[in-house]
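Structure first, then comments.
The values are calculated or read from the model by the stated rules, or taken from the named source; none is laboratory data. Computed from a prediction, not measured in an experiment: that's the story for all the values here. Here the Cβ is made from the backbone with ideal geometry for all residues, glycine too, and neighbour counts use every protein chain on show. Ligands, DNA and RNA are excluded from the accessible area calculation, which covers all protein heavy atoms including side chains. Shrake-Rupley method; radii C 1.70, N 1.55, O 1.52, S 1.80 Å.
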Amino acid sequence: NAGVTQTPKFQVLKTGQSMTLQCAQDMNHEYMSWYRQDPGMGLRLIHYSVGAGITDQGEVPNGYNVSRSTTEDFPLRLLSAAPSQTSVYFCASSWQRNTEAFFGQGTRLTVV
Amino acid sequence: SQQGEEDPQALSIQEGENATMNCSYKTSINNLQWYRQNSGRGLVHLILIRSNEREKHSGRLRVTLDTSKKSSSLLITASRAADTASYFCATDDNYGQNFVFGPGTRLSVLP
C-alpha cells in the first residue's frame, strides 16, 4: 500500500517557469489537500478538494492552480514560478476533512 | 490565519525523560490533532482528540484537551532518541472546515 505519493522530490525552477507537482493516493480518500511549509510558519493550506470535480482555495492560493479529475490524483500547478514560492510542498489525503490525514514525503522546490 | 500555536518552540531532553508540549488555540474547535515530522519527511498522524474528550492515550503518548482554556498538551513518556522530531498540533480553522497547523515544537532527545 503506497499511501500518498508525491513527485518529484526535488525541483529547481527559474523565475517565470511553470510546472506541475504530482500527488496520487491509493486509499480511496475523498479529501485531498496541498500545503506549503516554510521555516517557522508551520504548514499553510494552498488548495483542497472534497471529491472528484470539486476544489477550493485555502489560506495561500495565489499563484497556484489545482484540478481533481479523479479520486486518486490531485496535481498542483505553479503558473509562473516566483522566488517567494521556494518552499517544501506536501500533499495530504483523508477520508473527510476533519479526520486523520496521510501525508506524502514532500517536494522541495527552489525558484531562482 | 494561524489557529494553534505550540509551546515551547524547541525542547531538549535526555533519553528516558518525559517531554511535554503544549498547544493553545484561539476559537472553539471540533477536533484537535497532533502530528510528528522527522527531518526531511512528511507528517505522521499521532492522535486525534475530539472537543468532548479530555484525554487520550496511544502507547507512550498522552494527549489532554482543556476546552475552557483552549489548550492541549502532548506528553511523551520515557523518551527515546528516535522521538527526535518536530511536533505539530492542528485545529479546525475559524469556519470548522479545514485543519490549521501551528509552527511546531522541535524536540531533541539526547542519548
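At a glance:
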read-out: Spin-label model distance (nm) - A:M19 vs A:T70, 7 Å beyond Cα toward Cβ; value: 2.3
read-out: Other protein chain Cβ atoms within 10 Å, averaged over every residue that makes up B:41-53; value: 4
read-out: Net dipole in debye of the protein assembly as shown [+1 Lys, Arg Cβ; -1 Asp, Glu Cβ; about Cα centre; nearest 20]; value: 280
read-out: Solvent-accessible area per residue, Å², over region A:1-84 with all protein chains present [probe radius 1.4 Å]; value: 49
read-out: Accessible surface buried upon B-A contact (total; probe 1.4 Å; Å², nearest 100); value: 1600
read-out: Estimated FRET transfer efficiency (A:N28, B:A78; beta-carbon r; R0 45 Å; 0.05); value: 0.75
read-out: In order through region A:38-47: 3J(HN,Hα) via Karplus (6.51 cos²θ - 1.76 cosθ + 1.60), integer Hz, x for Gly, Pro; value: 10, x, x, 10, x, 9, 10, 6, 9, 9
read-out: Amide H contacts under 5 Å for A:L13, placed H, 5+ residues apart; value: A:T110, A:V111, A:V112
read-out: Theoretical FRET efficiency, 1/(1+(r/R0)^6), r = Cβ-Cβ of A:N62 and B:V44, R0 41 Å, to 0.05; value: 0.90
read-out: Protein accessible area in chain A, 1.4 Å probe - carbon and sulfur %; value: 51
read-out: Cα-centre dipole for chain A with unit charges at Cβ (Lys and Arg positive, Asp and Glu negative), debye to 20; value: 400
read-out: Accessible-area composition of chain B, carbon plus sulfur, in percent [1.4 Å probe]; value: 43
read-out: For B:G59, net neighbour charge (Lys/Arg +1, Asp/Glu -1) across residues whose Cβ lies under 13 Å away; value: +4
read-out: Size of charge dipole - region B:5-100 - debye, nearest 20, with Cβ of Lys, Arg +1 and Asp, Glu -1, no other charges; value: 200
read-out: Charge context of B:M21, other residues only, Cβ under 12 angstrom, K/R +1, D/E -1; value: -1
read-out: Cβ crowding within 10 Å averaged over residues, with A:30-37, B:37-44 ranked highest first; value: A:30-37, B:37-44
read-out: Sorted peptide list for B:69-77, A:98-106, criterion being average Cβ within 10 angstrom, highest first; value: A:98-106, B:69-77
read-out: Amide H partners (placed H, <5 Å) of B:G4, local residues excluded; value: B:T91, B:G102
